[in-house]
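For reference, the structure discussed in these notes is given below.
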Amino acid sequence: MTTGYTTLRNKSFTGSAKIVTAENIATKNVTNITQALAGEAAGIQVVNSTGQPGSASTIQIRGIGSVNGNTSPLIVLDGVAFNGSINSINPQDIETTTVLKDASATAIYGSRGANGVIVITTRKGSAERSNVSVQVRTGKNMQFIPMYPTLDNPEDFISVMWDGQYQRAIANGSGDPVADANANLFGPLGISPAYNMWNVADGGELIDPATKTVRPGVTRRYSPERWSDYAFQDASRQEVNVNMSGGSGTTTYYSSLGFVDDVGYSVNSDFSRYSARLNVSSRPKDWLQTNTRLGYSYQETNNNGQDNSSSSVFWLSQNIPSIYPLYFRDSDGNRVEDPIYGGYKYDYSDESGYSRGFSPLTNSIADANLGVDETIAHNFNGNFEINIDLAEGLVLQNRFGLQYVMNNYDGVQEPFYSSTKGQGGSIQKVKDQYLNYQLFNGLTYNKSIGDDQTLNVLVAHEATRWERNRLSAFKYKLVDPFGRELDNAVISNPPSSYTQDFTLESYIANVAYSIQDKYFINVTARRDGSSRFVNNKWGDFGSVGFSWSIGDEDFFKTQNIFSSMKLRTSYGQLGEQRVGYYTGYNLFDVSNLNDNISLAFASKGNPDLTWETSEQIGVGLDFSVGTLASVSLDWYSKENDNLI
């Protein structure tokens, strides 16, 4: 079992963890590893909050660990804390994914392990054989869970609307509520007369007051489009992976190329990725081992119509009354040709006399088709490791990890119909650059004591730096409605750029001791220093864990029901510090005041802000009933203090 810093046998592991193997991942048609973890282990909650292809799932291990701070687990890729895009990692390159749940398992990560840790180990080659693999997959993206039922029949909806007017008239003390309902059904208090889709003049000709339904024989001038038919689509997913692995003598390698084209269920949404990986391990000398792991991906994401507002095709298509058409209709009920983009003109409810009582001035399906919401990302991650055998059982480990991400976002709202048509349309460009590196230096010592005891010790120092540079620009009044460059617009907002960064320095110690290969003790201590705090930069964290391999006791072997059994318990204090980059400092906004410098107070800092701590206690029992079942039972308590 790989914990990131050390590799342990499952038998000697005193914590709670779940290993997801490459075979488990291969059975799922997923774009990133977070989606593959769904349903794999108890205590792991995986939530897909969006149907956007390529989107990462929200993962919580053993509940929510903070109110305002971070609640996501730490991801570790090949021994290095990973701060890049999880979508950049091809799941087919992953050998194992280990989910660490309790204090004994995660305390070695100190202030980063309070919400659990996901340890990803990529594949490696074998010197014993060469292998070439080609994998081609295809699939469909479609809706399996039905939407909530709605009034999708216009006649049913207008009957309810008429009854609403009728009940309002009664509540207002009307002497003739039927007449009032007929008069107000199409009018300022009801529906705009322009959206009267029936061959009648008013509510009196449309609704039978005895049944409160549409009169028999009433015909339609037109039938409005069903919005969901234009918002969603049965889409395809294509994936191709090619990998080669092998080695000779003291060197092994694994290399891969991957491609994913994932078209979304929502119209004009998709995700594509090109990925490459090269892992090389070599032992040029008996006392020297080197490991190099390099990964790169290029990603394109179209996220049209995925807003959290009325611009969402999901929200609008499920909530808009069925009497409102998707396309604009003339007075005869005919669709109107779009003189600008061709096809039919979308209904934004912004023409004279056309005013929707629901979500006016918007048409999310039109925006999804006519606008641009695209992100192009370059992701690189590298891991370079040199291990030197200093003496028998004593190894010096040196590891440098680097992650670089460049995100380029283009957002265009066209100038004739969108919400920015008053400004002649808009173009937004955002460039985000992320750089994260980590340097690890440690000593490990493994020693057998007598015939029945072993000792494993790790002492290490680790330094981490993360930096983000953002540049954004916004311009209005487009020359070409299809142009995506800033020079295609003539009115500028002041551009913006800034840098955010933080550093983390850590000292680590871990001792694992076993007796008779049945009794195991694991003690961890870690001291972290964070640039996020001012007066309380340093925090101390640690854990102690114990496990007993009951299955190796003589009395256990007298029964034939259980094939193995292990009891484990742990206690630890972990921390959390991901709450903001400069929360300990007073912050000011810089602006222009008559061409002079203006400083406006933005937020009050708290220099006494300190580490959030998570105290965790756990007891677990693992056992197997032959080859029939493997069971893990866990009880745990998790209490947080100094919430940030």
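The table below gives the values:
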{"quantity": "Spin-label pair I340/T219, simplified geometry with 7 Å Cα→Cβ offset, distance in nm", "calculated": "3.6"}
{"quantity": "Portion, in percent, of the accessible area of region 144-257 that falls on carbon or sulfur, probe 1.4 Å", "calculated": "56"}
{"quantity": "Eligible aspartates and glutamates near K285 by straight Cα distance, threshold 12 Å, same-chain separation 8 or greater", "calculated": "D389"}
{"quantity": "Sequence ranges 426-432, 614-620, ranked by mean other-Cβ count within 10 angstrom, highest first", "calculated": "614-620, 426-432"}
{"quantity": "Those trypsin sites (Lys or Arg not before Pro) in region 156-256 that DSSP places in a loop and that have at most 16 other beta carbons within 10 Å", "calculated": "K212, R221, R226"}
{"quantity": "Only Lys, Arg (+1) and Asp, Glu (-1) charged, at Cβ; the chain dipole about Cα centre in debye", "calculated": "1400"}
{"quantity": "Spatial separation of Cα centroids for region 245-264 and region 413-468, in angstrom", "calculated": "23"}
{"quantity": "Where labels lie 7 Å past Cα in the beta-carbon direction, separation of E95 and F546 in nm", "calculated": "3.4"}
{"quantity": "Interatomic Cα distance distribution for region 48-196, bins of 5 angstrom, percent", "calculated": "2, 7, 10, 11, 9, 8, 7, 6, 5, 6, 6, 7, 7, 5, 3, 1, 1, 0, 0"}
{"quantity": "Whichever lysines have a C-alpha closer than 20 Å to that of K447, once near sequence neighbours (fewer than 8 apart) are set aside", "calculated": "K11, K518"}
{"quantity": "C-alpha center-to-center spacing [region 11-76, region 364-386] in angstrom", "calculated": "22"}
{"quantity": "Chymotrypsin sites (Phe, Trp or Tyr not before Pro), loop per DSSP, at most 11 other Cβ atoms within 10 Å - longest free stretch of the chain", "calculated": "145-481"}
{"quantity": "Prolate/oblate/rounded call for region 345-398, Cα gyration tensor, a/c under 1.5 rounded", "calculated": "prolate"}
{"quantity": "Option label - Cα extents along the principal axes in Å computed here, alternatives (1) 88, 76, 57; (2) 110, 99, 48; (3) 100, 72, 55", "calculated": "(3)"}
{"quantity": "Solvent-accessible area, 1.4 Å probe, carbon plus sulfur percent, for region 299-438", "calculated": "51"}
{"quantity": "Candidate aspartates and glutamates for bridging to K212, where Cα separation is under 16 Å - those fewer than 8 sequence places away on the same chain excluded", "calculated": "E155, D156, D163, D176, D180, D202"}
{"quantity": "Estimated 222 nm signal from helices in the chain, with DSSP H stretches of n ≥ 4 weighted -39500 (n - 2.57), rounded to 500", "calculated": "-2500 deg cm²/dmol"}
{"quantity": "Inter-part distance where region 569-598 and region 274-341 are each reduced to a Cα centre, Å", "calculated": "31"}
{"quantity": "Accessible-area value, L435, 1.4 Å probe, nucleic acids and ligands omitted, Å²", "calculated": "60"}
{"quantity": "Folded to 0 to 90 degrees: helix 154-171 orientation relative to the chain principal axis, Cα", "calculated": "70"}
{"quantity": "Probe 1.4 Å, protein heavy atoms only - accessible area per residue of the chain in square angstrom", "calculated": "47"}
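The values are calculated or read from the model by the stated rules, or taken from the named source; none is laboratory data. Quick caveat, the model's predicted, so the values are computed rather than measured. Here Cβ is always computed from backbone atoms with ideal geometry, including for glycine, and neighbour counts include all displayed protein chains. Protein only, heavy atoms only, side chains kept; ligands, DNA and RNA dropped before computing areas. Shrake-Rupley method; radii C 1.70, N 1.55, O 1.52, S 1.80 Å.
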